[in-house]
Amino acid sequence: MTRTITIALVQTINGAYAHDGWSTGVSTPTDFAYFVSLRRRAGAIIIDRRTALNPKLPVINAPGKALERTPVHVLTESDPQALAAQLAERGLNYHAVGFTPDTLPEVVAGLESNSDEILCESGPNLAYRVLAHYPDTELHLSITPRYLHDERTHFSGLDADIELQVNGVEQRGDQVIVRYAKADPPAE
Ligand SMILES: NC(=O)c1ccc[n+]([C@@H]2O[C@H](COP(=O)([O-])OP(=O)(O)OC[C@H]3O[C@@H](n4cnc5c(N)ncnc54)[C@H](OP(=O)(O)O)[C@@H]3O)[C@@H](O)[C@H]2O)c1
C-alpha cells in the first residue's frame, strides 16, 4: 500500500500560522482536539528542523508519553548529518532525514513507521514543500474564526505555486476543516 501523508495546519481567516512564534496563538481547543485525533492514528510523525531544535517545544516522543513508540522524522533539504549531530547533542530521539523534491517519494517509502499513515505537523514552510512534492498528501487546514495580524503574527514565507482541489469540508463548532490535495494536472 502507498504511504499517505496528512498535513495538519491551523491558520486564522487571514492566513496567520503563528502568533509570537507559536501556533497555539492561532489554535483553539476544538482545533487541538482535531490535531490530537490525527496524532492518534499516525504511524510516524514528520517535523521540520526549526520545530525539532526549538528548546521551548515539548519532546514529541518523550519516554512514558503516548507517542513514545511513534518514530519522529525531521525532514531537511539542508545537511542531515549536521542536523543529526544537533539532535544528538540535545538528546532528542528524532531521525534526521535528507530529501530533495525529486527523492521525497522514495525517502517517505523508507521512513521507519508503525503504519502507512504519516502525519506532518511541521510549520508551513516544510508542510507546503511536502504537499508540492509528495503525491499522496492531504492537507487538513483548520481555520480559526479570527482575524489576526500584528507585528507578532507569522505567515508562510515559502515561494511556491501549488494548485489544489478540495476533498472535503467539515465544521466542528466554530472551526472549519478543509481537506485539500494537489489538483490533477490539466489534460494535454
Ligand atoms: N499553524 C500551524 O499549524 C503551525 C504548525 C507548526 C508550526 N507552526 C509555526 O510556524 C512557524 C514556523 O513556520 P515556517 O515553517 O514558515 O518556518 P520557517 O522558519 O519559514 O521555515 C522552516 C524551514 O526553514 C529552513 N531553515 C532555514 N534556516 C534555518 C535555521 N537556521 N534553522 C532551522 N531551519 C532553517 C528549514 O528547512 P531545511 O531544513 O530544509 O533547510 C526549516 O524546515 C513557527 O512559529 C511555528 O510555531 C505553525
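The values are calculated or read from the model by the stated rules, or taken from the named source; none is laboratory data. Predicted model only: the values in this text are computed from it and were never measured. Positions of Cβ are generated from backbone atoms using ideal geometry, with glycine treated the same way; all protein chains shown enter the neighbour counts.
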Among residues of region 160-188, those that are in a loop (DSSP other than H, G, I, E, B) and either touching a residue at least 12 places away in the same chain (Cβ under 8 Å) or in contact with an Asp or Glu (Cβ under 8 Å, 6 or more places away or on another chain) (or both), counted: 7
Odd one out for R49, checked against (1) within 11 Å of the ligand (Cβ to nearest atom); (2) of a type outside the set (G, A, S); (3) over 14 Å from the mean Cα position of the chain (by Cα); (4) within 24 Å of F99 (Cα to Cα): (3)
Residue within region 111-118 that is outside any loop (DSSP other than H, G, I, E, B) and within 16 Å of the ligand (Cβ to nearest atom) present: yes
Selected residue (criterion: nearest to D102 (Cα to Cα)) from residues of region 123-132 that are more than 10 Å from the ligand (Cβ to nearest atom) and crowded, with 19+ Cβ neighbours inside 10 Å: V130
First in region 135-153 and farther than 16 Å from I46 by Cα, second anywhere and small (G, A, S) and not in a strand (DSSP E or B), Cβ under 7 Å, 6 or more apart: T144/S27; L148/A16; H149/A16; T153/A16
Filter result (modelled with pLDDT under 95 and in contact with a strand residue (DSSP E or B) (Cβ under 6 Å, 6 or more places away or on another chain)) within region 61-97: N61
Residues of region 18-27 satisfying the condition of being at pLDDT 95 or above and either more than 9 Å from the ligand (Cβ to nearest atom) or among the hydrophobic types (A, V, I, L, M, F, W, C) (or both): A18, V26
Residue tally, condition within 15 Å of I45 (Cα to Cα) and surrounded by fewer than 19 Cβ atoms within 10 Å (Cβ to Cβ), over region 99-110: 3
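Here's the yes/no breakdown for (1) within 12 Å of the ligand (Cβ to nearest atom); (2) over 20 Å from P124 (Cβ atoms); (3) surrounded by 12 or more Cβ atoms within 10 Å (Cβ to Cβ):
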{"site": "T4", "(1), (2), (3)": "no, no, yes"}
{"site": "Q11", "(1), (2), (3)": "yes, no, yes"}
{"site": "A16", "(1), (2), (3)": "yes, no, yes"}
{"site": "P29", "(1), (2), (3)": "no, yes, no"}
{"site": "Y34", "(1), (2), (3)": "yes, no, yes"}
{"site": "R40", "(1), (2), (3)": "no, yes, no"}
{"site": "L53", "(1), (2), (3)": "yes, no, yes"}
{"site": "K56", "(1), (2), (3)": "yes, no, no"}
{"site": "A62", "(1), (2), (3)": "no, yes, yes"}
A16 vs. criteria under 18 Å from S156 (Cα atoms), touching an Asp or Glu at 6+ places or on another chain (Cβ under 6 Å) and in contact (Cβ under 8 Å) with a residue 12 or more places away in the chain: no
Given (1) within 11 Å of the ligand (Cβ to nearest atom); (2) under 18 Å from the mean Cα position of the chain (by Cα), number of the condition I162 does not satisfy: (1)
Tally, over region 165-184, of residues that are within 15 Å of the ligand (Cβ to nearest atom) and not β-branched (V, I, T): 3
Region 64-90 - residue that is near the ligand (Cβ under 9 Å from one of its atoms) and in contact (Cβ under 8 Å) with a residue 40 or more places away in the chain and, of those, surrounded by the fewest Cβ atoms within 10 Å (Cβ to Cβ): E77
Test: residue in region 163-183 that is within 22 Å of G21 (Cα to Cα) and exposed (fewer than 10 other Cβ atoms within 10 Å of the Cβ): no
